[in-house]
Amino acid sequence: MSTTSHLTNRPRALVIVILATLWATCAHRPASAPAARSDRPGLTIASPMAAPEWAVLERQVLKAGADGADVFAAKYLDARGYLQHVPRWGTLDGPDDAIETFNNWTLLFALGGPDRTLA
């Protein structure tokens, strides 16, 4: 199997895992809910399995991003959490340069990064 075909199967596998998880979650009914129909298929997971390699690598990417954000924050933020930024018009392209530093930190958090990326 070539590396390219292996990489192109990852999104499909991720979608299948997400759909199976959503289906299993929706199939679970609290005790107060009506009884499930007997013809409804079920999913039983009897034993844990190791995380797939892509998931382990994804967690490493998220950790590296969070660690990089920590290093940046320690160096370039003051005690209030404000960016130590000196506007030098002409060398910067506009006032949005400050926020461009942080615009992907919320994405990092949304993808599963640590809470500290929002602090």
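A few points about this structure:
- Within the range 68-88, the set of residues being among the hydrophobic types (A, V, I, L, M, F, W, C) and surrounded by 12 or more Cβ atoms within 10 Å (Cβ to Cβ) comprises Ala69, Phe72, Ala73, Leu77, Leu83.
- Residue tally, condition surrounded by fewer than 13 Cβ atoms within 10 Å (Cβ to Cβ) and closer than 16 Å to Ala119 by Cβ, over the range 54-67: 1
- Of residues in the range 89-110 being modelled with pLDDT under 70 and part of a loop (DSSP other than H, G, I, E, B), the one farthest from Val71 (Cα to Cα): Gly90
The values are calculated or read from the model by the stated rules, or taken from the named source; none is laboratory data. The structure presented is a predicted model; accordingly, all values stated were derived computationally and were not measured. Quick reminder, even Gly has a Cβ in these numbers, built from the backbone with ideal geometry, and neighbours come from all protein chains shown.
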